[in-house]
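> One structure coming up, written as structure tokens, with questions to follow.
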Amino acid sequence: MRRTLVLLCVSFSLVSFISGSSLEAREFWLKDDVEPTSATLSLASAADAGPVISRHDVGNMKLAVYSNGHWGRTGNPSYDYFTGEPMTVGHEYPKGSYICHLWGAHCWIGGIRGSDTLVSGTSGTVATLECGEFQTTPIDGVIMEKIQAGVPLSGSDQQAVSHQDIIIRFTDTAITCPNVVDYLRGTSHIPLNVEVTQKTYTWSHDIADDFILFDITIKNIGRELIKEMYIGIETRPSVMVDLEGTQDDGSTFIADGIVGFVDETPSRHGCGIVDTLNMMWAANFNGMPYGEEFIDDPFWIEYWMWFKSATSAHGVFFLDYPEQGESRPVKLSYNWYCRGLSLTPDVSFLDFGPRHREGFRDFLTGGGTGIPRGDANSYHVLSNGEIDYDVLRTASIGSFDPIWVPPPPDFANQLSTKGVLAATNMLSVGPFDVPAGASIKIPYVFVCGENFHTDPNNRWNLPHDVDLFYDNLDFFDLLKNASWARWVYDNPGVDTDGDDYAGEFTVCDGDTIYTTGDGIPDWRCAEPPPPPKVWLEPTVNGIRVRFNGTVSETERDIFSGVADFEGYRIYCGLDGRATSLSVMASYDRNDYNKFVLTYDGIKSEYYLFDIPFSVDSLRCLYGSGPDPCIDSVFDPANYTRTLPYIHPDFPDSIFYFQPVDYNISTLGGENSIARVYPDEPDPSIYHPDSIPDEAYTSDGLLKYYEYEFEITNLLATIPYWISVTAFDYGYPQMDIEGLESSRTAWIQSVYPMSASDAVAGGNTRVYVYPNPYRGDADYRDLGFEGRMREDRPDHRVRAIHFANLPPKCRIYIYSLDGDLVRQLDHDVDPSDPSYNHHVWNMITRNTQMVVTGLYYWVVETEDGTTQMGKLVIIF
């Protein structure tokens, strides 16, 4: 009878913050619909900077990161350092699934300093979040920095790399827990004298939202050479269902898991190309089916726990590391081990991990093969060069195996039946010699993949048919995301440093395929096309939107290498939040994806192999008649998945067509985007170096790519937020969906009033609203006050608007007695769409709120022309 083991969650408490010298945490919120926040922490000294926590959450996972290098776990209680929100789960994947896959992770660094073999970061000394071998070290007084990108970063000394960066620094030189001793040496922790700067990056785009990239710099801050340094990444896989406080009882740990190693995988390019990964992976051993099906929605098993299936997997691999030359090759090690194996309560608990016979080292505890307690044992694991067999293959190691120390038979059967209890995965690389003051970089990635488990009954194949069990596992999503992580780290075919080397490549079917980058990290994800240059011109009760997409339509995608522009969207809203914007007009090219029916040896399925085809190109390929290119009858929209196109000459060639976006490709006409220069020829007819001057606008952009659209029937008394985005068709062959530029990053607000030349010519009348102003009126709901200021009370957002102003003028507000209440200087560039509008916050020149009364206003222009009017305020 299979026994289900349920572990209780161990609580960790954060160190109390103690006042003293100020250390700051910075966060730059530059993402759609996110307001900026910051926090400050006072600490007695750097050593007292107990770990603070925040997390990555813009992608398809959540991952907690502590300032002392731990990640993927949380203490109890844990609160996000920047928002103050409680964090009960250290990792969630997919985001919103309530499934946590980690009990925690951190790095080990081992080396030889003088005559001492030392390791920092090991959990072999009962290290905890508060009492570990790495401690937070501020960077210029900042103990954690977080940057969320999406608009150009300004006013900071850190440039964003991804959509969400977290930067920390920690060292091993502070001995905070002298009572925690090395198991073998009998002394407290002896530091290796290293400083680690860790930068973690994540993106929100579909192709990059399933992994976190780690940019690790390790510096020798001591006075001695560190010889034979090894760096290891330790993860502790464990599956937990956690509803983050949404239910009365939020979590439970599921004990059984499987771990293993993947050295290489067929490239997604095909053509026989193989990608090297060297990735350790982990997952729940059976996906946690309920009965004979996987359960997507969590439900309560009465008197027990919340339950939900966990069919995903995760992995870790190094993206790069320094080469040491042929005389001293770098070696990779993968070790897993587990603690506390026991078949019956009366059997003493044993640790276990695969171990080579050659070079065997007795760890002296728990059976001698499992947990490497003490620096010497930990360094052995880091440096042994072993690649352990997958846990489910433990029972296949017999007593006379020439390579591996045989496992205890009873435990081997247990491990091959339902995986590991309390597993630890360790991936390490080295050796490196690091002189005093020198640094090395060891980037790595934590990656996840969905739908790893596909058969709820797969567990019944264990332990007798491990191969069939593996055949029923689906590594596709995990390996696909791993490949994307490597591409983002070092873009294939991109010559980053300009030395005319763009990476290794092969030629397949006439196409040049880059299999690697140039060895210089890019940390660059596929991005949408740059947004067009936009100008807004207010008209009476309307807004003219003019934009130029020279760059939008010609920039090449970093992965596909082609200009993949597809179209534009014009948005309008009553405030600047993405959720408040509506599409007013769109344009996209008239093109189709072609899905080809392909037999893979098992079944036939439709696949997408090419970039989109224009209607004209499809007509030439598949039209009828002596000149198919003029076949007016052929329409790709007529051929769908249920009614595909069958080639008349090649009946085995079957495919259907699907429009890319909405194929709104008509320019001009009512309620449509139009070309500003409809007769301008396509600049592709010219050589790039000989485009005539008359093809350019006064702004230096090509006329051919200039468009306009008129938004009408608007209220003149409230502002409108306008943005124009560009989007592409993606990279279909690599499953990259189309991307759209940010709707809010370059948004502008404008009042639909008269143009500046009409105002300057004296053809319009300045007016003031609301007039009369009533203190009991709900101007906030009417849109006159408090736009984008929801955090402020009503009395802090009061506003009176002056409209139809010239770009430069002076506004005077007088009491009935002729006393000057306030002078407002209006000086706005005429190119600014809000040039004709000025808002008075109803504060007098004495910095007091204005009182009830009758007032006069005067607007005086540069040439001395004035306009006057009355204003009534009633509180």
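> Run down the aspartates and glutamates and flag those whose C-alpha is under 18 Å from the C-alpha of K219, throwing out any fewer than 8 positions away in its chain.
Correct list for K219: E133, D140, D172, E195, E228, D320, E323, D433.
> Now a separate question. Could you point to the residue in A777, Y686, Y662 farthest towards the positive end of the chain's charge dipole, with +1 and -1 charges on the Cβ of Lys/Arg and Asp/Glu respectively?
Value computed over the given set: A777.
> Still on this structure: What's the Kirkwood radius of region 562-621 in Å, using all Cα pairs?
15.0
> Could you tell me which residue out of P628, T579, Y645 lies farthest along the dipole of region 572-679 toward its positive end? Charges go on the beta carbon: Lys and Arg +1, Asp and Glu -1, centred on the Cα centre.
Result: T579, furthest along the dipole toward the positive end.
> I've got another one for you. Just how large is the dipole of the chain about the Cα centre, in debye to the nearest 20, putting +1 at every Lys and Arg Cβ and -1 at every Asp and Glu Cβ?
That gives the chain a dipole magnitude of about 2780 debye.
> Please calculate how many Å² of accessible area the chain carries per residue, with a 1.4 Å probe and no DNA, RNA or ligand atoms counted.
Result: 44 Å² of accessible area for each residue.
> What does the highest-first list of 840-846, 703-709 look like by mean Cβ count within 10 Å?
703-709, 840-846
> Give me the angle, in degrees from 0 to 90, between the Cα long axis of helix 409-418 and the longest principal axis of the Cα atoms of the chain, rounded to the nearest 10.
Once rounded, the angle reads 20 degrees.
> How do the peptides 484-490, 818-824 rank, highest first, by the average count of neighbouring beta carbon atoms within 10 Å per residue?
Ranked from most to least packed, the peptides come out as 484-490, 818-824.
> DSSP loop trypsin sites (Lys or Arg not before Pro) in region 592-663 with at most 14 other Cβ atoms within 10 Å of their Cβ, which ones?
K603, R641
> Right, here's the next one. So what is the 222 nm mean residue ellipticity for the chain from helices alone, if each DSSP H run of at least 4 adds -39500 (n - 2.57) and you divide by all residues, rounding to the nearest 500 deg cm²/dmol?
My calculation for the chain gives -2000 deg cm²/dmol from helical runs alone.
> May I ask which of K95/K533; K418/K480; K95/K227 have a Cα-Cα span longer than 30 Å here?
K95/K533; K95/K227
> Shifting gears a bit: How large are Rg and Dmax for the chain when only the alpha carbon atoms are used, in Å?
My reading of the Cα-based Rg and Dmax gives 32.4, 107 Å.
> How long are the three semi-axes of the equivalent ellipsoid for region 508-633, computed from the Cα gyration tensor as the root of 5 times each eigenvalue, in whole Å, largest first?
The three semi-axes for region 508-633 are 36, 25, 16 Å.
> Of the listed peptides 539-546, 622-629, what is their order by residue-averaged count of other C-beta atoms within 10 Å, with the highest listed first?
Top to bottom by mean Cβ count within 10 Å: 539-546, 622-629.
> In whole Å and largest first, what semi-axes does the C-alpha gyration tensor of region 759-823 yield when each eigenvalue is scaled by 5 and square-rooted?
Equivalent-ellipsoid dimensions as semi-axes: 25, 17, 12 Å.
> Please report the orientation-averaged projected area of region 188-234, defined via the convex hull of its C-alpha atoms, in nm².
Dividing the Cα hull surface by four gives the mean projection, 4.9 nm².
> From the convex hull of the Cα coordinates of region 364-473, what is the mean projected area in square nanometres?
That works out to 9.9 nm², a quarter of the Cα hull's surface.
> Let me ask something else about it. Only Lys, Arg, Asp and Glu count, each charged at its Cβ (+1, +1, -1, -1), so figure out the dipole size of region 479-615 about its Cα centre, rounded to 20 debye.
Dipole of region 479-615, to the nearest 20 debye: 900 debye.
> In whole percent, how big is the carbon plus sulfur part of the accessible area of the chain, probe 1.4 Å, protein atoms only?
Roughly 50 percent, rounded to a whole number.
The values are calculated or read from the model by the stated rules, or taken from the named source; none is laboratory data. Bear in mind that the values here come from a model prediction, so they are computed numbers and not experimental data. Cβ coordinates were reconstructed from backbone atoms using ideal geometry, including for glycine residues, and neighbour counts include every protein chain displayed. Just the protein is used for accessible areas: all its heavy atoms, side chains included, with ligands, DNA and RNA removed. Shrake-Rupley method; radii C 1.70, N 1.55, O 1.52, S 1.80 Å.
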